[in-house]
Amino acid sequence: MTLIGWAQIALVLICIVAAAVPLGRFIAQVAAGERTILHPLLGPVERAIYAVAGVDPARGQGWKAYTFSMLTFSAAGFASLYAILRLQDVLPFNPQGFGGMAPYLAFNTAISFVTNTNWQAYSGEAAASYFSQMAGLTVHNFLSAATGIALALALTRAFVGGGLQELGNFWADLTRVTLYVLLPLSVVVGLAFVALGMPQTLSAYADAATLEGGSQTIALGPVAFQIAIKHLGTNGGGFFGVNSLHPFEGPGALATALQIWCQALIPFALCLTFGHVVGNRRQGWVLLSVMLGFVVAATAAIYAAEAAGNPLHLAAGVDAALGNMEGKDIRFGQALVALFTATTTGASCGAVNAMFSSFTPLGGMVPLFLIQLGEVLPGGVGSGLYGMLVFALLAVFIAGLMVGRTPEFLGKKIQAREIKLAMLAVLVLPAAILGFTAVAMVLPAALASIANQGPHGLSEMLYAYTSAAGNNGSAFGGLTADTPWLDTTLGLAMLLGRFAYVVPVMAIAGSLAAKLKVPDSAGTFPTHTPLFAGLLAGVILILGGLQFLPSLALGPLAEHFSMLAGKTF
Amino acid sequence: MPDINLPLHQGQSTRAARAAGAALFDRAILSRASLDALRKLNPVSLIRNPVIFTTELVSALVTALAIQAALTGKPWEFAAAIAVWLWLTVLFATFAEAVAEGRGRARAASLRRSRTETQAKLLVRHDDRSLWRHRAAAALQVNDVVLVEAGDIIPSDGEIIEGIASVNEAAVTGESAPVIRESGGDRSAVTGGTLVVSDWLVVRITAAPGSTFLDRMIALVEGASRQKTPNEIALDLLLAGMTIIFLIAVASLVGIAAWNGQPPSVTVLAALLITLIPTTIGGLLSAIGIAGMDRLVRFNVLATSGRAVEAAGDVDVLLLDKTGTITLGNRQAAAFIPAPGVAEQELAEAAVLSSLADQTPEGRSILAFARERHGFAVPALTASAREIAFTAQTRISGLDLGGASYRKGAVESLVKAVQAELPPALGQAIERIARQGGTPLAVSKDGRLLGAIELKDIVKPGIRERFAALRRMDIRTVMVTGDNCLTAAAIAAEAGVDDFIAEATPEDKLRYIRAAQAEGRLVAMCGDGTNDAPALAQADVGVAMQTGTQAAREAGNMVDLDSDPTKLIEVVEIGKQMLITRGALTTFSIANDVAKYFAILPAIFVVSYPELQALNVMRLTSPESAILSAVIFNALIIVALVPLALRGVRFTPVGAAALLRRNLLIYGLGGIVAPFLGIKLIDLLLNLLGMY
């Protein structure tokens, strides 16, 4: 680790928080339907969309109607995306003449993009036409992100007042978030990426003659703007197979810093939005600081593990100066890779600019554990906030009894119904991750996909289901993912991770909204203090993390201690 | 009329609490509880407790495996040891519940004795006391009318329709001084099982057989009709959810560990599961609830449900009657106001002398005040002294002594009687006293007005501090009084309440409660009269006085057997204590998991990866001893925490933030550290005993 490395990390984090402050306030305005600086330009577009779709933005929906709208919308998105991928050979903008995607792969990919996971069992430059990339994948990069934010806004509104029946209008939230938040940010960031060297073209791949006299096909495409939303919407699905490690997708350190900024920006900003909407800004900052604390700790852990290097390499006389460089690009350096990795897995983005499989065992365990903790640090756009609020409810309940009152969070009593639903939501991740992994580890059809022996082989499989269920989408590497078994089960894990989680969360929103808002008093559990931040962190670690320790012990931890003992597999 | 204005109950209560602590482990209760603990192993009843039920199933499974191993000649000792300790875990949990129930049972037994078969005198005609026939008390129906005479036990709950009698209610309240019960008014309710000491009563029965106050009390203290409280249900769901999560984590190891070719044995996985699921709080949860109710009973308060006790912890507004709760109820001398040109000493002397013949509480309070303030002892009277006693007609008392005549009385009456001029300054002072709700008395010597005595409601000593403590818990105190606004404001300021309702009608109370509830606040109040019943029913916590009417007792969800309204404050504290105890033990239980992982995980996986021995930070002797130590710790911690569960975690009114910080430190951090020490110690012991 170097001072300059830490300075880079600090600088990027400061830029993220500094930008989250105004953005958080702005999203709160957009959520309330207030007039913003963008309205003269985009207001007519918004009204036109409502007119065409027949939506009355002022008509509120209860939690059931809101959830049903969201589910219908997602189902329709899945169907249309599936069709586009299957039929891309007959659709336009296909200069490379790719055939239609195979059914299993199309199923997996369609679910992946609709659930904001962006797990990719294909390589974009070798399997997806420009039409699939733009009209299919990029569209869902926007819509799945907007869906997540809308759900978070609905839950946020449950805390605003007492006896509420309505949580807002899903269609209006979806339209406003896309139009006023995601689109403008993507345009600005996309232009910046073009300036930093990313291609944005519809022309066919270039054929180049190499210096050695050979010929090479260089994949191109409408990259820059897709990458902008890929990070801003914590999607993470790369234009190219190797994601941000590709020179056109990660053209340099500055572009990497910007990508980190993009993928953490909205999740952090939404915490502050929460504070604005519920009228308790300190609460927003408490949520943000817990997330930030974990990101810093995770970055430090990765940075330390990777910069120290692999003891086996060092024993063999490899230069220790750069640390473990396998699977990393010298353009980015250890510090930015560590921060990128911590934010992409903490924020449910799933873009990668290094290969986790090549990390040291502990360095690779950090991204795995970050996803397992529930994708709330800071989590995906929207999903991070609502996941964090579920943990906050549980933290308030467990420790809140200790002040001698029925626990309350922001004036809403936390009772049996909320606890039941919160536990249902919390159950989803261990059930999907550990359940599918356990089956896969004894099923020959699944075991055939594993590339390595020993604990590392387990880590590959565990990571795949973790990434899918956590809606992260990053790959550990090593695993052959495009098999009927993995396409199907990973697809199911993604579905569970998104919808089996969010339906109970929306039921909580409905239940909380209807409750009276109890006025704050000195006898009330204070939830806007550093003490609560510490408690929340503890609850995330214990309720979100403990159940994964046995599998981590058999995977990365066993690999780590074996490595220290000089043993390889 | 007996004096219902009992003194503050604080000293008595803490004594009672201490006595309760001393009797925590009565030998009779313990031996009975051990038997009950075995009976409670019945899975049909244990299924109410998901965590302990899971533990029982796993215990049975491990037992079966141990037996199978023994029969097939495989090593069975380790599985047997684990099985024994898993069974003990279940047993300790049922034992905790049985002990908690046992403490209430002693009280129930004494109650039952007063319910012995009595023969009631059923009147044939309501208006004829001479004609009655015997009927068994248990066969009495609602609206039957019975005669109860001196020496009879009142056969069932009822309303007095005729007569007045003194009744010994010791059977219910434990207080043997008889109280007056009479028809009409707020003291017309009688309780079955109590004894008429003098005179007679005609009583209309109001309780159906088997549902009398005494019956309900017995059921309550025995915990027979115990239902889970809302927070308990929520906590149960959390614990069940955690159990499922850890079940998934442990079950998935069968597949995940297969990759290394060395899946752990079922016994070991069972041990891991039971140590991870929250058995500590799961085992103590119902004991905490029962103990909370029991603590109330020891304070002589009966709650009709645990829900009410829990609600007491949540209360944000306390409605308190002024008279008897905040003030002593009797008007007492509070100041001497001399007329212009009169020394206070002279006024005081005249006041004392003129009050010697006044035997009313007010008169005596003047003597007491003068003694306290001016050091006047009651002078010995010579034979020549002539006392003029106070009567309701003259409203004047006095003394003629050595040629001087001292008079004291109501201002108007005295001015008329001595035909003196009221000095304007004194007139103003008298007016001020009246305006503030006090009662002015005038004092004269030889026809000259010396000044006035101010009588007023005296705020109970110590009450101000208690309200301050309530304020620190952010509980608003509201004084309810029939006095006018000014009087009410003066007393409210003196007592330090947050708000008051002056000239209050029962409707006002009801309206106030509803308004507070609409804002999301929980309201507690106490009352005794029939017209309090609607408000008692509307309040979240309604404490009826045992001396009150049947209607009030039915409407409230608690009955205070001592009829001491200030006890509401203790009730709130007991409610809070119950919630805190649950929260503290939950936090402790969950925090324990960290250390258990460090004990068991390396032990399980060390066969596949010997390098994982690095995680054995406690340096436990062997995999077997590590696993067994964790299981033993997990079982013993339940027993170790039984006293805390029964006594409850101490509640101090320091505000939620400070309370949270303290309890998180003790039970959160303590919960992480304690098992590291405990497991290591048990491992050392096992090692020392040569077992591993």
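The values are calculated or read from the model by the stated rules, or taken from the named source; none is laboratory data. What you see is a predicted model; the values in this text were computed from it and never measured. With ideal geometry, Cβ positions are generated from the backbone for all residues, glycine too; neighbour counts draw on all protein chains shown. Please note that ligands, DNA and RNA were not included when accessible areas were found on the heavy atoms of the full protein model with its side chains. Shrake-Rupley method; radii C 1.70, N 1.55, O 1.52, S 1.80 Å.
Legend: mean number of C-beta atoms from other chains within 10 angstrom of residue C-beta atoms, peptide A:423-436, equals 4.
With Cα atoms defining each centre, the range B:36-72 and the range B:385-436 are spaced 84 Å apart in the structure. Using R0 = 30 Å, the C-beta based FRET efficiency linking B:Arg364 and B:Asn484 works out to 0.65.
P(r) tail, chain B: Cα-Cα pairs separated by more than 35 Å, 58% of all pairs. Pairwise inverse Cα distances across the range B:444-496, averaged and inverted, put the Kirkwood hydrodynamic radius at 13.6 Å.
Set the Förster radius R0 to 56 Å, insert the Cβ-Cβ distance between A:Ala208 and A:His39 as r into 1/(1 + (r/R0)^6), and round the FRET efficiency to 0.05. Computed FRET efficiency for A:Ala208 and A:His39: 0.75. Go ahead and run the numbers for FRET between B:Gln393 and B:Arg135, Cβ-Cβ distance against an R0 of 51 Å, rounding to 0.05. So the FRET efficiency works out to roughly 0.55. Using a probe radius of 1.4 angstrom, the carbon and sulfur fraction of the accessible surface of the protein assembly as shown is 62%. For peptide B:257-263, the mean count of partner chain Cβ atoms within 10 Å of a residue's Cβ comes to 5. Shape summary: the range A:3-279 maps onto an equivalent ellipsoid whose semi-axes, from the alpha-carbon gyration tensor, are 34, 24, 15 Å in decreasing order. The value for the range A:283-564 of Rg(Cα) / (2.2 N^0.38 Å) is 1.06. Remark on the range A:538-554: accessible area falls by at least 50 square angstrom from chain-alone to full-complex state for A:Ile542, A:Leu546, A:Gln547, A:Pro550, A:Leu554, probe 1.4 angstrom.
Over 27 Å apart at the Cα level, from the set B:Lys121/B:Lys567; A:Lys420/A:Lys517; A:Lys64/A:Lys230; A:Lys64/A:Lys412, are B:Lys121/B:Lys567; A:Lys64/A:Lys230. Sorting the segments A:94-100, A:60-66, A:464-470 by their residues' average number of neighbouring beta-carbon atoms within 10 angstrom, most packed first, yields A:464-470, A:60-66, A:94-100. Each Lys or Arg adds one and each Asp or Glu takes one away; over the other residues whose Cβ falls under 15 Å from the Cβ of A:Phe68, this sums to 0.
When the scattering of the range B:449-539 is computed by the Debye formula from its Cα atoms alone, each counted once and equally, what is log10 I(q)/I(0) at q = 0.19, 0.24 Å⁻¹? Log10 I(q)/I(0), no solvent term: -0.99, -1.34. Electrostatic bookkeeping for A:Leu155 treats Lys and Arg as +1 and Asp and Glu as -1; over the other residues with beta carbon under 12 Å from its beta carbon, the sum is 0. In the range B:597-623, comparing the full protein assembly with the chain on its own, the residues that lose 10 Å² or more of accessible surface at a 1.4 Å probe are B:Tyr597, B:Leu601, B:Phe605, B:Tyr609, B:Glu611, B:Leu612, B:Ala614, B:Leu615. Using a 1.4 Å probe over protein heavy atoms, the accessible area lost on pairing A with B, summed over both chains, comes to approximately 5100 Å².
All C-alpha pair distances within the protein assembly as shown, sorted into 20 Å bins from zero, spread as 10, 31, 29, 18, 9, 3, 0, 0 percent across the bins. Backbone geometry of the range B:231-247 corresponds, through the Karplus equation with coefficients 6.51, -1.76 and 1.60 at θ = phi - 60°, to 3J(HN,Hα) couplings of 5, 5, 5, 4, 5, 4, 5, 4, 5, 5, x, 5, 4, 5, 4, 6, 4 Hz, x marking Gly and Pro. Running Debye on the range B:230-272 with equal point scatterers at the Cα sites and no solvent, what base-10 log of I(q)/I(0) appears at q = 0.18, 0.21, 0.30 Å⁻¹? Relative scattering, expressed as log10 I(q)/I(0), comes to -0.58, -0.68, -0.98.
Contact order for the range A:283-564, expressed relative to its length and based on alpha carbon pairs under 8 Å spaced 6+ residues apart, stands at 24 percent.
With the helix formula -39500 (n - 2.57) applied to DSSP H stretches of n ≥ 4, the protein assembly as shown reaches a computed 222 nm mean residue ellipticity of -17500 deg cm²/dmol. Rolling a 1.4 Å probe over the heavy atoms of the protein chains gives the protein assembly as shown an accessible area of 36 Å² per residue.
For chain A, the Kirkwood estimate of the hydrodynamic radius, built from every pair of different alpha carbons, is 23.8 Å. Judged by the mean number of other Cβ atoms found within 10 Å, the most tightly packed of the peptides A:114-121, A:528-535, A:39-46, B:299-306 leads the ranking A:114-121, B:299-306, A:528-535, A:39-46. How much net charge surrounds B:Pro534 when only the other residues with a Cβ under 12 Å from the Cβ of B:Pro534 are counted, with Lys and Arg +1 and Asp and Glu -1? Surrounding charge for B:Pro534 is -1.
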